[in-house]
Amino acid sequence: MAKRDYYEVLGVEKAASADEIKKAFRRKAVEFHPDRGGDEAKFKEVNEAYEVLKDPSKKQRYDQFGHAGVGGNGGSNPFEGFGGGQGQSFDFGDMGLGDIFNSFFGGGAGQHGQRQARGNDVESRVEITFEQAVFGTDIDLNLTLEDTCEHCKGTTAEPGHELKTCDTCGGSGQVMNVTRTVFGNIQQASICPTCKGSGKVPEKVCSVCHGKGTQARKQKISLKVPAGIDDGSTIRLREHGEAIANGPKGDLYVNIRVKPHKQFTREGDLILSEEHIDFVSATLGAEIEVATVDGPVRMKVPAGTQSHSDFKLSNHGVPHMKSKTRGAHIVTIVIDTPTKLTPTQAELLKQFQAEKPDPKRKFWS
């Protein structure tokens, strides 16, 4: 569905002042606020419009390029991280998409109505370059984690021996504790300390892990970082965390940090940079070479270009996460004024200033 014009969303004219835009936003926000029975979709639309129009640089790019000039999504991140943050979150369980909420609830329920025990979740962090974030990359993580014991295969029992019913809980995996209170005795179930809730114990414990079911081991885990990932995003690898006896592994959460680039910055799916030119080139027009993540690109600067004018290089920005298209690269032209002139140059500028050029006259390029 096509996005509506941001000025239309807020109900203001394009020439509206910053104060008028703010007042219009407040009126609309109150009107559509979900807590007041308003339309949540329209409330989000109003917020998105205001996030762009309140920022002078974003507003300028929106006026010039429309929605494409502000990253296609109002400059905001379409992926929200855990707890409503701004980082992206990706669930690559077994390198496929999965249910991200499983990490908070510990998997499915066990035979006794309890959630099955699972290994510990693990957090890690990797740093990648700006270009790797744009185009994606493959990374090997070297971690030391509790892994399944190779001797007993995680059963806790010495090979050749079986698991038997736990004598402490009778196989239920639970023990009942009675607490005396002023209101009487209160019974409360807790996980059996002997079998750790499994209801089974080994006839003979494993001679290698001593009944733990796991061993600390160095592991190399392959991580595929998708193209277009942003700084602060989190990738989840299901069951790549630490192991536990007689249960599934926990999950591995990898936080992605993107190194700042010397020349480029990022805003949504846009890449932004500046190019400095002299005032003669700006006046007469020129063709310049612009650095992009794809390599050098030739760009025409038309005659009469003003300083801080923006030019859009389509399809040289960040790939969209949900499609095969890419954002744009916005180049801001900065005109350098010379600080030292030769006598001849100074005289020529004085002659230029003295003339009164015809306003209809066009500079040749």
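Taking a threshold of 25 Å on the Cα-Cα distance, which of the pairs 28/59; 300/340; 153/196 fall above it? All intermediate terms of the calculation are to be shown ahead of the outcome.
Numbers: 28/59 19 Å; 300/340 27 Å; 153/196 17 Å.
Check vs 25 Å cut-off fails for 300/340.
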Subject >> Antiparallel DSSP beta bridges within region 266-365, percent to nearest 5 >> reply: 65 percent
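Could you give the length gained by full extension between residue 64 and residue 307, i.e. 0.36 nm per residue of separation minus their alpha carbon distance, to one decimal place?
Numbers: separation 243, 0.36 × 243 = 87.48 nm, distance 1.51 nm.
Result for the pair: 86.0 nm of gain on full extension.
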Original post:
To the nearest 0.05, how large is the calculated FRET efficiency for residue 352 and residue 259 if R₀ is 41 Å and r is the Cβ-Cβ distance?
Top reply: 0.35
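Of 59, 350, 204, which has the most accessible area and how do the rest follow, probe 1.4 Å? Provide the component values of the computation, followed by the final result.
Values: 59 40, 350 130, 204 110 Å².
Highest to lowest solvent-accessible surface, that is 350, 204, 59.
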**OP:** Would you mind putting 245-252, 145-152 in packing order, based on average other-beta-carbon counts within 10 Å, highest first?
**Re:** 245-252, 145-152
Original post:
Hey, if we sort 257, 125 by accessible area with the 1.4 Å probe, largest down, what's the order?
Top reply: 125, 257
Original post:
Quick one: if you stick a label point 7 Å off each Cα along the C-beta vector at residue 190 and residue 277, how many nm between them?
Top reply: 7.5 nm
**OP:** Taking 7 Å along the Cα-to-C-beta vector as the label spot, tell me the residue 16-residue 337 distance in nanometres, rounded to one decimal.
**Re:** 3.5 nm
Original post:
So how far apart, in nm, are the two label points at residue 27 and residue 179 if each is 7 Å from Cα heading toward Cβ?
Top reply: 5.7 nm
**OP:** Kindly state, to the nearest 0.05, the FRET efficiency for residue 207 paired with residue 141, given R0 = 35 Å and r defined as their beta-carbon distance.
**Re:** 0.70
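Considering only the other residues whose Cβ falls under 15 Å of the Cβ of residue 23, what net charge follows from Lys and Arg at +1 and Asp and Glu at -1? Could the numbers behind the result be given before it?
Values: positive: 22, 26, 27, 28, 54; negative: 13, 19, 20, 31.
Summing Lys and Arg as +1 and Asp and Glu as -1 gives +1.
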Original post:
What length, rounded to one decimal in nm, is gained on full extension from residue 345 through to residue 224, with 0.36 nm per residue of separation minus their alpha-carbon distance?
Top reply: 37.9 nm
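Using 1/(1 + (r/R0)^6) with R0 = 41 angstrom and r between the beta carbons of residue 127 and residue 2, what's the FRET efficiency to the nearest 0.05?
Values: r = 38 Å, r/R0 = 0.93.
Rounded to the nearest 0.05, the efficiency is 0.60.
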Subject >> Alpha carbon centroid spacing (whole Å) that separates region 136-200 from region 1-63 >> reply: 54 Å
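The values are calculated or read from the model by the stated rules, or taken from the named source; none is laboratory data. Predicted model, so just to flag it, every value in this text is computed and none were measured. Positions of Cβ are generated from backbone atoms using ideal geometry, with glycine treated the same way; all protein chains shown enter the neighbour counts. Accessible surface is based on the protein model in full, side chains and every heavy atom, while ligands, DNA and RNA are left aside. Shrake-Rupley method; radii C 1.70, N 1.55, O 1.52, S 1.80 Å.
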